[in-house]
Structures are given as structure tokens and as C-alpha cells.
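The values are calculated or read from the model by the stated rules, or taken from the named source; none is laboratory data. Note that the coordinates shown come from a computational prediction; the quantities given were computed from them, not determined experimentally. So basically every Cβ, Gly included, is an ideal-geometry build from the backbone, and we count neighbours across all protein chains shown. Heavy atoms of the whole protein, side chains included, go into the accessibility calculation; ligands, DNA and RNA do not. Shrake-Rupley method; radii C 1.70, N 1.55, O 1.52, S 1.80 Å.
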Amino acid sequence: MQFQQLQYFVAVAETRHFTRAAELVHVAQPSLSQQIKALERELGADLFLRARGNITLTDAGEALLPLARRILADADTARHEVQELVQLRSGRVRLGATPSLCTGLLPDVLRAYHDRYPGIQLLIEESGSHDLVRELARGALDLALIVLPLPPASPALTAVELLREDLVVVSSPEAPAPGRAPGGVRIADLEGERLVMFRHGYDLRELTVAACRSAGFEPGFTVEGGEMDAVLGFVRAGLGVAVVPRMVATRSGRGLRVTPLARPGLHRTIALAHRSDVAPPRAARELQRMLLER
């Protein structure tokens, strides 16, 4: 009994027509008929009743059909499992993340992933959450670390909350400390400070500006338009203060004064997202698991 013969048998059983079955499995009809006859000889029983084009299963055919389907399904499963193992030895993962997460969260996780799967190429796209959502929607990314909530009219994404992170104020140690409250810097204290501000489209810019406006003032900027590394460099140079994630301040805080925000403070929620209509490839799912378990 050959695997191919079982494929041909199931095709005829499902179409009840030899010609259509041959088209379905991309083989000439005479070849299909010959293989079915060879299978019947092997089993010692007719599998089909052939009466003027009306094809029906015999009792032997009815008994074989669920077994043949199971064998074919098991073969597909085996092929899929092997392919997925191969994907973990070579391939790529396209991950999007905001620049602050590339600085704070990702280095340790990506090092652990690379140590485990050295053959997987990691392609990182740094951008704001709005841009990353668009890249996910058009299939340019497998996964993305974004800041919740999702922007309005977002495409269908599956987003799993990863962490809730405090924001802090960073300043130059050579400049006067921002704020006077013992519990940290109040948002209202930023009214008298010159801010180093991120570019438009940056989640941290929108969050900081919204908090200042809620406190009743419009923030003033000394420098604006930078990415994370530039903003931290400008703060070290004494050009102003900035509101950044605690994780970034902890990792990149050399030459910076780090001051917490007074309660209730500011926070942001990070989520790991992918398209709802497309399952990420195996290598991406493994990175997803490591991020969720970190």
C-alpha cells in the first residue's frame, strides 16, 4: 500500500468521480485509475462500485476511508512539525518596537533568543506605535511592541499586555534639581522647566504633553524632534529635562539625575501585538513566548 494510492482513493471518495479526482490531485486519469486498481489488488477487495459513471463506496471502501484520512492527516502533521523545527534553525523574525523599548527591554531578551536560536536573523524596526501598527497591518512585521491604547481605527490586531512602566524625569546633575516636593516631581512643577521633547508621533511626547495640559499649562520646549538617544544626550548637556521610561533611565542613566514623578505619576502600558488574521511564523512565536515569560 502506497501513500500516493491513499491520496488518490480519498480524492475519488470525496468527488465520486475519477476525472475530477485526477484533476484534484494533478495526475492523468488513467494513472489514477491504475493506482486505485493496484490498491484494490493489494487489499483483496473492491473499494468502489462503478455503474455508468455513478461511483459509490463499497463496504471495504467505507471502512478504509476514515483510516486513509487519518493517515494523510498524520503525514501533514509530521511535515508541518518538521518544517517548524527547520524554521527555528534558519529564517528571520521581523520585530517592531518603540526606540525606548529597544533601549530598555529588548537587549536582554534578544540576547537570550539569539543564544538559543543563533540561526534566526533578527530584523528590528524602530518607530512610534502608530507607525508600527501600520507596518503590522501591511504585513511588514511579524510582531510589534506597542504602547496601549491602540490608535483609533486600528486594523484587526491581537495585543497582549506585557508590562506597565513608570515614567521618570531625567535632568543634568549640574543643573538645579527639578521640583521641590519630597515625593518627587509633580507634573505642575514642569511648568517652570524647559523640556527636551521627542519628535511628533512619539508616544512619550503625546503622553507628556497631555499630562501638562491636564495640569493647566502648555509645556515649553528647549529642543524638540529627537529620538531617545538624542533626547538623553541633550539632557546630559544641560539643555533641559525630559520625561522618559524608568527602564530607559536605569539602563542609560550615566551622567543623568533620575527623579521619580510624584503620585499618581505617569505610566504607560506596553503590549505585544500581531495581526489577528495571520499566525506569526514559528520563530516569531518563540520570541513572543520569551517576551511574555521574561
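Worth pointing out:
- Exactly one residue out of R111, R164 is touching a residue at least 60 places away in the same chain (Cβ under 8 Å), under 19 Å from L291 (Cα atoms), more than 14 Å from the chain's Cα centre (by Cα) and open to solvent by 30 Å² or more (accessible area, probe 1.4 Å): that is R164.
- Selection count where residues are in contact (Cβ under 8 Å) with a residue 24 or more places away in the chain and open to solvent by 50 Å² or more (accessible area, probe 1.4 Å), scope the stretch 29-52: 3
- Scanning the stretch 260-294 for residues that are closer than 20 Å to D203 by Cα and in contact with a strand residue (DSSP E or B) (Cβ under 7 Å, 6 or more places away or on another chain) yields P260, L261, G265, L266, H267, R268, T269, I270, A271, L272, A273, H274.
- Residue match in the stretch 89-98 (condition: modelled with pLDDT under 85 and open to solvent by 50 Å² or more (accessible area, probe 1.4 Å)): yes
- Test result for L272, in contact (Cβ under 8 Å) with a residue 40 or more places away in the chain, under 20 Å from V109 (Cα atoms), open to solvent by less than 30 Å² (accessible area, probe 1.4 Å) and not small (G, A, S): yes
- The stretch 228-260, subset hydrophobic (A, V, I, L, M, F, W, C) and more than 19 Å from V185 (Cβ to Cβ), residue surrounded by the most Cβ atoms within 10 Å (Cβ to Cβ): M228
- Scan the stretch 1-45 for residues that are of a type in the set (A, V, I, L, M) and under 19 Å from D59 (Cα atoms) and the total you get is 11.
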